[in-house]
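I have placed the structure first, in the form of structure tokens, so that the comments after it can refer back to it.
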Amino acid sequence: MKLHPYLNKFVIIGSLILAGILILITLILIGWTSPRFSPDVGFAPADLTMIPAPTHTSVATIPPTLNPLLVTPTFDLNTIALNGYVQISGTGTDGLRIRSAPGLNNETVFRGEESEVFVVKDGPQVGDGYTWWYLVAPYDNTRAGWAVSEFLAVIPPP
């Protein structure tokens, strides 16, 4: 098949005009169907908890007279303690309700996400058959409240 008779300036200009018209129609339809944002939509700040990444301490920075094995603090992985760090664990995508006071009938202040880290500041207190601890987010004092110990795992301090 010979294409030479079909490749003249009228065919090329016509196809460019057709392509331009199709692009213009597409842009008009996108403009009419896209959602309009009203100016009365308020600003909603996001809750963000910054968790620092673990750091590596080089053995060269430890004085040579100290034994690194003796300098390392020990802690019990099964015991929640004041000023210790805990992580929400075993809640899946449901998260953990952090409450204003110990007990299931108290107001939920916020929902802690799975693997979120907190510092233990008070407790333990027993309420409704559960042991409760007062938790505070390490870098956001507004995220604080009481949580059930069954969904908390002790972690080493950062």
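Summary table below
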{"item": "Filter result (more than 12 Å from ARG111 (Cα to Cα) and either among the charged types (D, E, K, R) or in contact with an Asp or Glu (Cβ under 9 Å, 6 or more places away or on another chain) (or both)) within the range 138-147", "result": "ASP140, THR142"}
{"item": "Checklist (1) basic (Lys, Arg); (2) surrounded by fewer than 19 Cβ atoms within 10 Å (Cβ to Cβ); (3) touching a residue at least 40 places away in the same chain (Cβ under 8 Å) applied to ARG99, failing item", "result": "(2)"}
{"item": "Which numbered condition SER58 misses (of (1) exposed (fewer than 10 other Cβ atoms within 10 Å of the Cβ); (2) modelled with pLDDT of 85 or more)", "result": "(2)"}
{"item": "Matching residues in the range 84-96 - criterion: being surrounded by 14 or more Cβ atoms within 10 Å (Cβ to Cβ) and under 18 Å from VAL154 (Cβ atoms)", "result": "GLY84, TYR85, VAL86, GLN87, ILE88, SER89, THR91, LEU96"}
{"item": "Every pair of residues 6+ apart whose Cβ atoms lie under 6 Å, when the first sits in the range 117-146 and is at negative phi while the second is of a type in the set (Asp, Glu)", "result": "TYR134/ASP122"}
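Residue by residue, here is whether (1) of a type outside the set (Asp, Glu); (2) at pLDDT 90 or above holds:
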residue: ILE23; (1), (2): yes, yes
residue: ILE28; (1), (2): yes, no
residue: PHE43; (1), (2): yes, no
residue: GLY103; (1), (2): yes, yes
residue: GLU114; (1), (2): no, yes
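The values are calculated or read from the model by the stated rules, or taken from the named source; none is laboratory data. Small disclaimer: the values here were computed from a predicted structure and weren't measured. Reconstructed Cβ throughout: ideal geometry from the backbone, glycine too, with neighbour counts over all protein chains shown.
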